[in-house]
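What follows is a set of notes on a single structure, which appears directly below.
The values are calculated or read from the model by the stated rules, or taken from the named source; none is laboratory data. All of these numbers come straight from a predicted model, not from anything done at the bench. Ideal geometry is used to build each Cβ from the backbone, glycine not excepted, and the neighbour counts take in all protein chains shown.
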Amino acid sequence: MIENSFFPWQIEIANKYLKNSDKVHHAIILYGLKGIGKFEFSTAFAASFLCENYDSKFACQKCTSCNLIEKNNHPDFKLLMPNSIADEKKIIISTSFDEKKNISHISNEIRINQIRDIIPWINVKSYRNNKKIVIIYKADNLNIISSNALLKMLEEPSDDVFFLIVSDCLDKLLPTIVSRCQILHLPIPDYQISLSWLKNNNLDNPNHWLSFSSNAPIDALRYSSHRKNPCPSWVYEFLQLLSNNLDIHIYSLLESYPDDIPINELIDIFQKLFFDLVLVSYKITPKYFIDLKNILDKLSIRTSTDSLINNFIWLNKKKKLSDQQVNKKIFLNNILNNVITSFK
Ligand SMILES: [Zn+2]
C-alpha cells in the first residue's frame, strides 16, 4: 500500500508547496536526512497533486484518484525505485519484460531500463486529469547511465509531466540534474513533535531511539521494530565483557551473531559507539547511546582519545567495503579483533 497522507511534521511545508499546485515546478528534488519520511512525503505529495476532490488541500483519501494511488495503480503515476527498496517496502513496482530478463538478483540501483520504460508513458496524454507525476526514489541510487537518461527527460520537459526526485544527499546527484530542478529541503522534524509521534506509536523510551537515529523519527520507529533497545543485546553483551576486561571468545561470539543485524548496520552501530566514546573521553554527553553512559565511561578510560578516533576512521573505511559482497564471518572477525585490540 502507498501512503497518501503527510506526517505531522510535514504539514506546514506541504501546505506551502501545494497551495499553488498550478505553479508547481516540472521537476522538484526533495532532499533531507535519511529516516525523516521523505518517501511518504513524496507519495502524499503525488496523491495530493492528482487528487480529484478540489475542495481538499491534501489528498482526500476518498476519490478514485486517491484510491488508485494507494494501490499503486494510478495510470498517471509512476514510482521508480531499486527493486531492493521495493522489496523492503513491500511495494510491487511495474517491471517490463526486458527488465525482468536482465535482473536475476536484487538490485540496489535504478537501472536504465526502468527509466527507458517510462518514455512511452511520458509521450501519451494523461488519462485522468491533464497531469502525470513520476517519483524517483532514491535518486542517489541512479547509476551514471540512468542519470544521463533522466537528465535527457528533464531537458525536454513535457507540459503535463512532473518529476519528484527524492534524495538523501544532493552531492550524490549529477550537478546538471540538480541545476534543472527546484530544490525542496525537508528539515529534521521538531524534536517534541517527533517525540509525541513516537509516543503515539507506543514506543518506550522514544528519547533513546531518537538520539540513536539522529532525531529521524521514521528510522527510530524502524529500528525499534527489530529490537528492544538502540544497542542490540549481542553488542551490549560484547561491550559488557570488554568494559569489565573479561575474556572474550571470538568464536562463540561469531556463532551467536544474530541474523537480523546486517553487517553494514553493525558497523553503523560501532561507528556511533566510537563517536560517543570520543565525546565521553572529552567529558561530553554521548550523542547516540544516551542510555549507555556508564558503560561508555568505563570503556573510555581504558584507552586514549587518539585510539578511539583512529578506530572511528577505520570503521568508516570498513563501511564502504561492507556494501560489497564480503564473507560475513571473516569481516565480523576483523571488526571485533580491531575493537578488542584498541582496549588492550
Ligand atoms: Zn482524492
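Does any residue of the stretch 207-216 turn out to be at pLDDT below 95 and surrounded by fewer than 17 Cβ atoms within 10 Å (Cβ to Cβ)? No.
Inside the stretch 14-38, residues that are buried (at least 18 other Cβ atoms within 10 Å of the Cβ) and in contact with a Phe, Trp or Tyr (Cβ under 6 Å, 6 or more places away or on another chain) make up a count of 3. For the stretch 296-303, indicate whether the set of residues that are in contact with an Asp or Glu (Cβ under 8 Å, 6 or more places away or on another chain) and surrounded by fewer than 19 Cβ atoms within 10 Å (Cβ to Cβ) is non-empty. No, there is no match, as no residue in the stretch 296-303 is in contact with an Asp or Glu (Cβ under 8 Å, 6 or more places away or on another chain) and surrounded by fewer than 19 Cβ atoms within 10 Å (Cβ to Cβ). Which members of the stretch 263-294 meet the condition of being within 15 Å of Y223 (Cα to Cα) and either basic (K, R) or without any contact (Cβ under 8 Å) to a residue 12 or more places away in the chain (or both)? Across the stretch 263-294, the qualifying residues are E265, K272. Based on this model, can you work out whether K23 counts as in the same structural domain as L79 (by TED's automatic domain parsing), without any contact (Cβ under 8 Å) to a residue 24 or more places away in the chain and closer than 25 Å to S179 by Cα? Yes, satisfied.
Every residue, every condition in (1) touching a Leu at 6+ places or on another chain (Cβ under 7 Å); (2) not polar (S, T, N, Q), yes or no:
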{"position": "P120", "(1), (2)": "no, yes"}
{"position": "K125", "(1), (2)": "no, yes"}
{"position": "I136", "(1), (2)": "yes, yes"}
{"position": "L142", "(1), (2)": "yes, yes"}
{"position": "I145", "(1), (2)": "no, yes"}
{"position": "S158", "(1), (2)": "no, no"}
{"position": "T176", "(1), (2)": "yes, no"}
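Mind checking which residues of the stretch 166-184 are of a type in the set (S, T, N, Q) and surrounded by fewer than 17 Cβ atoms within 10 Å (Cβ to Cβ)? Answer for the stretch 166-184, where residues must be of a type in the set (S, T, N, Q) and surrounded by fewer than 17 Cβ atoms within 10 Å (Cβ to Cβ): T176, S179, Q182.
Table: residues versus (1) under 26 Å from I112 (Cα atoms); (2) more than 13 Å from the ligand (Cβ to nearest atom); (3) in a loop (DSSP other than H, G, I, E, B); (4) without any contact (Cβ under 8 Å) to a residue 40 or more places away in the chain.
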{"site": "L30", "(1), (2), (3), (4)": "yes, yes, no, no"}
{"site": "E40", "(1), (2), (3), (4)": "yes, yes, no, no"}
{"site": "N53", "(1), (2), (3), (4)": "no, no, yes, yes"}
{"site": "C66", "(1), (2), (3), (4)": "no, no, no, no"}
{"site": "K78", "(1), (2), (3), (4)": "yes, yes, no, no"}
{"site": "I85", "(1), (2), (3), (4)": "yes, yes, no, no"}
